[in-house]
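Before any comments, here is the structure.
The values are calculated or read from the model by the stated rules, or taken from the named source; none is laboratory data. Remember, predicted model here, so these are calculated numbers, not experimental data. Here the Cβ is made from the backbone with ideal geometry for all residues, glycine too, and neighbour counts use every protein chain on show. Calculation scope for accessible area: heavy atoms of the full protein, side chains included, ligands and nucleic acids excluded. Shrake-Rupley method; radii C 1.70, N 1.55, O 1.52, S 1.80 Å.
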Amino acid sequence: FKAGSFTAAATDLGLSQAAVHRAVRELEEALGKKLVERRGRGVHMTFGGRRFARSCWLAVKELQAALSELGLDPHNPTISIGTTPLARAFLVPEAMSLMVAERFPASFRVLEGNWGELVESLRDGVIDLIVGELPAEGIPDLEATPLYTEAPIIVAGHRHALVGKGNPSNKTLASYPWIIAPETSPLRAEWERLFPAGRPQVPVECGSIMIIGRLLTSSDMLTLAMPDQVALQIRSGLLAQIGGPLSASMPTIGATMRQSWRPTSGQRRFLECLREASAGLGATASRKPLIEAPWI
């Protein structure tokens with residue numbers, strides 16, 4: 001009951017308020033449980049109501065998938081992808097490019113966010129899968145498919161004093177200001193491991209690689225990033241890698257799906273494209289990506 005009130009729900013549905021109110025009450029009687037409860041001037045779903053709504057929405061998604069498999073979807077199958085910052089710079093667009101290049105009859109809808117923000121949309125069926133870092137521990141109702149592991153790197157503007165100086169000590173790194181990732185990011189955890197004590201100055205906390213890139217080129221700040229996040233900027237000469245990869249911690253990037261999910265042919269092909277695209281990443285890269293220097 002996302003509208004927050006019967007009045008708003010009636011407006012969204014094009015029905016009268018009385019009709020919506022009656023429909024909810026009849027549904028509660030049929031199910032034998034309360035679905036909504038009043039809180040102040042609004043109404044909110046109960047726990048049982050949220051579970052029932054999720055089940056209904058997933059059922060609708062399954063029906064849409066069935067129509068797509070039967071060739072009865074007039075808009076072509078839509079693949080809904082949730083992507084985290086660690087996968088949106090290269091892996092997701094590369095996999096999409098592979099499908100576009102082969103003219104696969106499918107369209108894409110992309111939702112960005114960190115893993116914690118996306119997981120409820122995955123459970124609700126709003127997105128089909130999350131592409132990004134995998135949770136450290138298994139979650140009962142979800143299934144994870146690892147694709148590759150890659151170590152983060154230290155990045156600076158191309159004119160930074162540490163460029164070309166080898167691997168600087170932690171003391172040297174701590175003498176410069178840093179841009180750090182939000183608390184929910186695995187890069188934040190890696191940064192905290194890098195500086196267990198004597199933390200450097202942190203004037204900026206940011207998750208946008210576009211904003212970070214502009215800040216790095218105009219300052220002596222440093223940051224941590226995954227290599228594919230900054231590959232284009234490094235290749236263009238705007239940014240530079242400082243030292244070698246931080247191999248002490250290597251996040252696993254992959255796809256997270258509902259355990260009950262049965263992918264359509266289009267969704268299966270996208271998973272295959274993710275595997276193909278991931279072969280162009282990490283230390284064991286074995287293919288040349290479609291996304292290359294002509295972009296720059």
Amide hydrogen neighbours beyond the local backbone of Ile81, cut-off 5 Å, H modeled: Arg109, Val110, Leu111, Asp128
Exposure of Glu117 as accessible area (Å², to 10), given a probe of 1.4 Å and all protein chains: 120 Å²
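Could you count how many Lys pairs in the chain have their Cα atoms under 30 Å apart, skipping same-chain pairs fewer than 8 positions apart?
Working: Lys2/Lys33; Lys2/Lys34; Lys2/Lys61; Lys33/Lys61; Lys34/Lys61; Lys165/Lys288.
Counting lysine pairs in the chain gives 6.
Run the numbers on the range 74-146 and let me know its relative contact order in percent, using alpha-carbon pairs under 8 Å that are six or more apart. Provide the component values of the computation, followed by the final result.
Numbers: 88 pairs, mean separation 32.4, N = 73.
Averaging sequence separation for qualifying contacts and normalising by length gives 44 percent for the range 74-146.
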Calculated on alpha-carbon atoms, Rg and Dmax of the range 176-257 in Å: 12.9, 40
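Given the rule -39500 (n - 2.57) for each run of at least 4 DSSP H residues, summed and divided by the residues of the chain, what is its mean residue ellipticity at 222 nm, to the nearest 500 deg cm²/dmol? Walk me through the intermediate numbers first.
Details: 11 runs with 114 residues, N = 296.
Roughly -11500 deg cm²/dmol at 222 nm, from the helical runs in the chain.
What whole-number value in cubic angstrom gives the convex hull volume per residue for the C-alpha atoms of the range 143-284? Don't jump to the answer; show the numbers that get you there.
On the way: hull volume 18.0 nm³, N = 142.
That works out to 127 Å³ per residue.
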Cα-centred dipole magnitude for the range 149-206, charges only on beta-carbon of K, R (+1) and D, E (-1), debye, nearest 20: 300 debye
Accessible heavy-atom area order of Lys33, Lys165, highest first, probe of 1.4 Å: Lys165, Lys33
Principal-axis tilt of helix 115-124 within the chain, Cα atoms, nearest 10 degrees: 20 degrees
Solvent-accessible surface (1.4 angstrom probe) belonging to Met250, in square angstrom, nearest 10: 90 Å²
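How long is the gain from Ser265 to Lys61 if the chain were fully straight, where each residue apart is worth 0.36 nm and the alpha carbon distance is subtracted?
Roughly 72.0 nm would be gained on extension.
What fraction of the DSSP beta bridges in the chain is antiparallel, stated in percent and rounded to the nearest 5? Please list the in-between numbers first.
Working: 22 of 35 bridges.
If I count the DSSP bridges inside the chain, around 65 percent turn out antiparallel.
I need to check one value: relative contact order of the chain, counting alpha carbon pairs closer than 8 Å and at least 6 residues apart, in percent. List each step's numbers first, then the result.
Details: 466 pairs, mean separation 67.3, N = 296.
Across the chain, relative contact order equals 23 percent.
So how do Arg258, Arg109, Arg159 rank on accessible area, 1.4 Å probe, biggest first, that is with the largest at the start? Numbers along the way, then the final one.
Values: Arg258 20, Arg109 135, Arg159 210 Å².
Descending order: Arg159, Arg109, Arg258.
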Cα gyration tensor category, rounded, prolate or oblate, for the chain with a/c compared to 1.5: prolate
Under the Karplus curve 6.51 cos²θ - 1.76 cosθ + 1.60, θ = phi - 60°, whole-Hz ³J(HN,Hα) for the range 108-113, x wherever Gly or Pro sits: 10, 10, 10, 10, 9, x
Furthest towards positive pole of dipole, Leu194, Phe104, Met257, structure part the chain, Cβ charges: Leu194
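Once you list every other residue whose beta carbon is under 13 Å from the beta carbon of Arg188, what net charge do they have if Lys and Arg are +1 and Asp and Glu are -1? Before the final figure, lay out each step's value.
Working: positive: Arg193, Arg199; negative: Glu133, Glu183, Glu190, Glu192, Glu205.
For residues surrounding Arg188, the net value is -3.
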